[in-house]
Each structure stands twice: as C-alpha cells, then as structure tokens.
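> Provided herewith is a single structure, encoded as structure tokens, for subsequent inquiry.
None of the figures in this text is laboratory data; all of them are computed from the coordinates on show. Treat the numbers as computed from the prediction; the structure is a model and nothing was measured. Here Cβ is always computed from backbone atoms with ideal geometry, including for glycine, and neighbour counts include all displayed protein chains.
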Amino acid sequence: MEEILKIAFNSTAVYIFIIISIRIFGKKELTQLTVIDLVFILLISNSVQNAMVGSNSSLLGGMAAAFSLFVVNFVLKYLFYKFPGIGKAFQGEAVLLIYEGELNTKNMVKAKLSLDEINEAIREHGVSSIDQVDLAVLEIDGSISIVSDEYKRRTVKKRKSSKAVTKQQ
C-alpha cells in the first residue's frame, strides 16, 4: 500500500511539474506542434514515467499512476472553475494580437510570436493580410481566433483539426 501511495504522490508531482513547465515555456507550444515538438513530448513522457512508477511496472502500479492523474486533473479543473484566479495563474489569459487591423507588438512579444507566425495564422483563417483582421486573439489553449469583415466572419483554428471552422453571422 505504501508503494501505491508513493506512485500516486510521484504521479501528481510530475503532473503539476509538467503543467508549470508548459506554462513557463509558452502556450503556443500546445497547438503549433512541429516534428521536433512531437518528439520532445514523446521523450518527456518517457523520461518522467520512471519518476512516477519507479521500478514498479505492475498493472496495479500503472493503474495507481493513471488513477492519480485522473484525480488531480479533475481536482484542478474543478478549482479552475470554482476559483478563476487559480485558472489564470496556471493557464494564463487570452492575449489580444490584432485589433481593427493594428498589430499589438507588445502582446506579440509577450506571447513570443513572430510576425511570420501571425501572418501564417491569419492566412490559415482565410484572411490575406493583417489590415483585414478586425480581431485576433491567442486563446488560453494556444489556438488563435480570428474575426474579420467587421466581425461578420469568425474562425477558430482547432487544435485537432487542420481545417478552420467558419461561423457566418
């Protein structure tokens, strides 16, 4: 039983460490995955596995690690919902990148986004230039939302899809 509790504690500690690390290194890492980023994520998951379960490679050890991750994830999401300030501390806030065709360079630097990345994002949303964008926001999940044509057309590039979702109003 003591070993199972140690696995649960270690898994929780690794989970929180990874969340904090992603928060420190920027939210754009979540949605703009390159091959290098994918390899990095795979290696991180492999490198922390032993820190979570140690030498216990049993079914019970794996289930204890997974269960503790589910529990801590549930608790954090509940805390983020109940106490929005905690959510902001862990997840950050949306960042305004473009307003009425004007690029917010201060926020661009804050988000660690280059002009090329901004231009690529607006092209992915079917808009040809920055001056045609009414609103562009780097969301807390790392996606970039674009509103154009005087707020008549809104697209959000989803993380798991290469297509933009368009909503006509």
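> Could you derive backbone 3J(HN,Hα) for the stretch 124-139 from the dihedral phi with the Karplus parameters 6.51, -1.76 and 1.60 (θ = phi - 60°), listing whole Hz in sequence and x where the residue is Gly or Pro?
4, 8, x, 10, 8, 8, 4, 5, 8, 8, 7, 8, 9, 10, 7, 6
> Mind checking the full-extension length gain between F67 and S129? Use 0.36 nm per residue of separation minus the Cα-Cα distance, one decimal, nm. Present the calculation step by step, with values, prior to reporting the outcome.
On the way: separation 62, 0.36 × 62 = 22.32 nm, distance 4.72 nm.
Gain on extension, F67 to S129, equals 17.6 nm.
> Compute the length gained on full extension between S57 and R23: take 0.36 nm times their separation in residues and subtract their Cα-Cα distance, giving the result in nm to one decimal.
Numbers: separation 34, 0.36 × 34 = 12.24 nm, distance 3.00 nm.
Going from the current span to full extension adds 9.2 nm.
> Right, next: When you count, for each residue, the other Cβ atoms within 10 Å and take the mean per peptide, how do 86-94, 121-129 rank with the highest first?
By packing density, highest mean first, the sequence is 121-129, 86-94.
> Given a Förster distance of 35 Å, report the FRET efficiency between M1 and V39 from their Cβ-Cβ distance, rounded to the nearest 0.05.
Working: r = 37 Å, r/R0 = 1.07.
Efficiency at R0 = 35 Å is approximately 0.40.
> To the nearest 0.05, what FRET efficiency results for Q49 and I140 with a Förster distance of 30 Å applied to their C-beta separation?
The calculated FRET efficiency here is 0.60.
> Another question about this same structure. Cut-off under 18 Å on the C-alpha distance; same-chain residues fewer than 8 positions from K88 excluded. Which aspartates and glutamates are left, in chain and number order?
E29, E139, D141
> For the stretch 2-91, what size does the Cα cloud have along each of its three principal axes, sorted from largest down, in whole Å?
The Cα atoms of the stretch 2-91 stretch 37, 36, 16 Å along their principal axes.
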